[in-house]
1. Mind counting the residues in segment B:337-360 that are within 7 Å of the ligand (Cβ to nearest atom) and either within 18 Å of the chain's Cα centre (by Cα) or surrounded by fewer than 20 Cβ atoms within 10 Å (Cβ to Cβ) (or both)?
2. Name every residue in segment B:134-184 that is in a helix (DSSP H, G or I) and under 24 Å from the mean Cα position of the chain (by Cα), in order of residue number.
3. Against the definition (touching a strand residue (DSSP E or B) at 6+ places or on another chain (Cβ under 9 Å) and in a strand (DSSP E or B)), how does residue B:376 come out, yes or no?
4. Exactly one condition in (1) within 13 Å of chain A (Cβ to nearest Cβ); (2) assigned to a helix (DSSP H, G or I) is not met by residue B:383; state its number.
5. Tell me, please, whether a residue that is without any contact (Cβ under 8 Å) to a residue 40 or more places away in the chain, within 10 Å of another protein chain (Cβ to nearest Cβ) and more than 30 Å from residue B:183 (Cβ to Cβ) can be found in segment B:244-265.
6. If you check residue B:330 against the conditions, is it more than 23 Å from residue A:263 (Cβ to Cβ), buried (at least 18 other Cβ atoms within 10 Å of the Cβ) and within 12 Å of the ligand (Cβ to nearest atom)?
7. Is it the case that residue B:8 is more than 30 Å from residue B:85 (Cβ to Cβ) and modelled with pLDDT of 80 or more?
8. Mind checking whether some residue in segment B:226-239 is more than 22 Å from residue B:143 (Cα to Cα), away from chain A (no Cβ under 12 Å) and at pLDDT 85 or above?
Amino acid sequence: MTSPEVRVLVSSGRHPVSGRSGAAREDARAVEMALALAGEGVTLLHAGDPADASLRYYLGMFHEVPGLPSVGRVGRLDLLSMPAESDATSLLAEQLRHAGASLVLTGMRSEIGEGSGLLPYLLAERLGWNLVAGVAAIEHCDSESATILQALPQGQRRRLSVRLPCIATVDRAAPAPRQSAHGPARRGQIRVIEPQESAGVALDEPRGQWRFEPARVRPKRLKVVKGGSARERMRAAASTGGGGGGRVLSDLDPEAAADELIRYLESERVLQ
Amino acid sequence: MSSGIIVRRDPRAERIRRNRLHPRHHEFCQPAARWMGPNGVMRRNPHTVAAIGPNGLRRLDRSGATVTGGPSLRSVNDESHEQRRQVTLESPDFLVAVVPECPEGRLSSHDRDLFGLARQLADRDPASSGAVVAITFDHNAPELADAGADRWLALDDDSYAGYSPETRLTALETVARSWSPRHWLLPDGPAVGSDLGRRLAVRLAGLQPGSEEARAAARVWQVDGDHCICRGGGEHRDIHRPLPQVVLALAECAEPVSETRHEARPITLDTAPVPSIRRVTDHGRVAVDPSCIALDQAPFILAGGRGIGDWPGFHETARLLGAAEGASRVAVDDGYMPRARQVGATGTFVTAGCYIAVGISGAVQHLQGIEHCQRVVAINSDPGCDMVRRADLALIGNGDAILAAVAARLEARQHEEYRHDVA
Ligand SMILES: Cc1cc2nc3c(=O)[nH]c(=O)nc-3n(C[C@H](O)[C@H](O)[C@H](O)COP(=O)(O)OP(=O)(O)OC[C@H]3O[C@@H](n4cnc5c(N)ncnc54)[C@H](O)[C@@H]3O)c2cc1C
């Protein structure tokens with residue numbers, strides 16, 4: 001299997017508790033997935049400030065791990081230089097159109113800025129590529145198509161096949177990323193690409209009018225019991241969880257109880 | 001006694017009323033709504049004078065006019081079930097479209113919050129009333145009327161089954177073209193649930209480039225007038241911005257509808273959506289080893305407590321049921337289960353759709369951990385314990401014996417299937 005060309009869109013993240021800048025967790029998983037899939041054919045891509053130091057973290061992941069495809073060379077990052085308040089979509093789309101990559105991996109949402117998770121969709125729409133969201137694993141990938149495991153709620157998985165070129169967003173459920181090492185991070189190459197005049201970096205107008213504030217703590221929803229007598233409301237407030245109204249079956253021998261349990265699980269479609 | 005009413009005293013009746021042992025006491029004390037007290041003060045019996053008011057609450061009218069109970073003499077306090085006001089809307093001025101996610105064919109609480117937000121937007125201006133349109137890709141969504149939908153568009157073609165974002169997107173686009181809803185509300189969750197909303201947002205934005213209205217707001221957690229608050233990336237920032245056309249809202253973005261019931265009148269599209277080419281093929285669910293799923297994500301859990309004597313049998317039953325294993329703290333402390341499997345306040349808060357508790361008494365610390373489980377089955381020898389009270393189905397008996405019988409049945413069934421497959 002010739003390894004496909006894979007681009008990974010990365011941006012810096014913030015630690016959820018300390019707020020320190022570093023790698024974004026989903027982006028790091030996307031890099032890990034790309035390295036495990038394509039090894040040498042991986043190039044990172046970022047549009048933003050060339051002085052961002054946390055991008056080196058991803059380059060530090062380009063080292064050999066036993067049992068996975070060889071990385072073979074130092075990491076490469078193409079950095080499309082642009083001011084922070086402009087719109088990255090058109091720059092990235094142009095770059096991807098000419099890059100010759102057929103598979104693009106990225107996280108579900110960025111951890112800084114708006115974090116709306118719309119960028120992969122905008123890129124897919126503009127390039128006319130396919131898009132698969134919430135990837136947990138890529139089982140197979142050749143130059144034509146890819147077979148993907150999609151993460152669903154409650155730990156479930158769904159198998160999809162998609163034709164390339166494709167943009168895939170990587171879910172938290174994907175395998176944990178390898179450690180970043182200092183040496184490879186230092187040696188990694190960052191190629192800064194200045195935008196051509198014709199490309200015309202569009203300033204993000206509407207966003208200028210938004211108000212950014214430190215996140216407020218969301219109010220905890222109270223359990224409100226409507227109507228009823230004071231006694232009922234008091235009892236509902238004091239009780240833990242739902243309850244009451246359940247069927248209680250006593251005086252069953254174990255065989256009958258087992259039948260009853262299996263019947264219940266089948267009627268609730270827990271058991272097929 | 002300025003009212004001028006001459007009240008004649010009846011000393012004998014008063015005596016009998018005071019004497020509860022008098023043989024005719026009941027006869028005399030019943031009808032007295034008002035009587036002269038021993039000190040010459042007029043006494044009233046509020047229990048006979050009061051009547052049930054229009055809101056169903058008992059009211060004491062002090063004006064002197066006798067209020068007799070109207071047609072409804074039942075007070076709200078007697079009623080255990082809630083009453084919802086029926087709302088019908090004939091000609092709405094605008095539409096608010098909601099596309100609930102309906103995991104497993106039912107409305108989730110997130111979907112209900114979304115409908116609550118939709119009602120907030122539709123009913124904001126009393127002068128122009130909006131209708132909430134629910135668009136589902138499933139035939140049976142019975143709770144839509146209670147959730148707050150005025151209209152219901154069911155797209156239940158086979159082509160919408162499974163992961164079919166392209167066909168669903170073209171259907172929504174057709175809705176947008178024929179009805180042009182003022183707002184679109186879709187859930188924004190952690191996993192793929194938010195996929196369709198983002199596709200729609202990008203597609204609709206492409207139709208009207210450059211307009212600020214068209215720029216979707218993701219991760220909205222509060223809407224206030226015509227502004228909304230979105231949670232920014234990494235949970236560190238809030239973004240205040242004008243409310244756009246497409247809103248992807250987080251759970252608990254609004255209170256669910258609880259006071260009204262709506263029509264959920266089925267409607268259909270005049271123009272059928274153009275079938276789109278499927279570029280992503282869905283090969284269906286993949287069997288996942290339940291022991292590999294993190295406990296807080298597991299959909300089906302078999303949990304054991306101190307009442308379990310036969311642990312190898314417990315593990316075997318969990319394997320045959322295809323359930324993840326959980327445990328109470330006592331089972332963990334006694335060394336029968338690893339710490340990571342403990343359910344409860346100091347363990348894991350689980351969200352399973354079905355939770356079977358065997359030999360667990362249901363201490364508060366344990367019940368806190370299973371608050372979000374939809375169905376709970378208790379197997380316990382003690383019919384009076386709290387777990388039995390919490391359970392939807394409780395089987396009273398010896399846990400080990402019941403689990404062994406379940407395992408025997410499942411094993412026999414698997415053998416049969418195997419023979420069936422071979423034959
Ligand atoms: C600070 C604190 C935190 C705690 N946190 C947790 C927590 O996170 N999670 C947790 O689980 N606990 C927690 N606990 C402990 C909790 O209070 C209870 O002690 C514990 O949950 C009881 O476990 P159990 O139900 O297995 O045992 P028991 O309460 O002893 O109940 C055993 C049950 O098994 C039944 N039984 C016995 N024999 C059989 C049989 N043969 N067949 C069927 N049924 C049988 C009995 O009728 C009884 O109902 C905490 C306690 C404290 C003080």
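1. Final tally of qualifying residues: 2.
2. B:144, B:145, B:146, B:147
3. When the stated conditions are applied, residue B:376 passes them.
4. Only one criterion in (1) within 13 Å of chain A (Cβ to nearest Cβ); (2) assigned to a helix (DSSP H, G or I) is unmet by residue B:383, namely (2).
5. no
6. Spelling it out, residue B:330 is indeed more than 23 Å from residue A:263 (Cβ to Cβ), buried (at least 18 other Cβ atoms within 10 Å of the Cβ) and within 12 Å of the ligand (Cβ to nearest atom).
7. no
8. Yes, segment B:226-239 has at least one match.
The values are calculated or read from the model by the stated rules, or taken from the named source; none is laboratory data. Quick caveat, the model's predicted, so the values are computed rather than measured. Don't worry about glycine lacking a Cβ; one is built from the backbone with ideal geometry, like all the others, and counts go over all protein chains shown.
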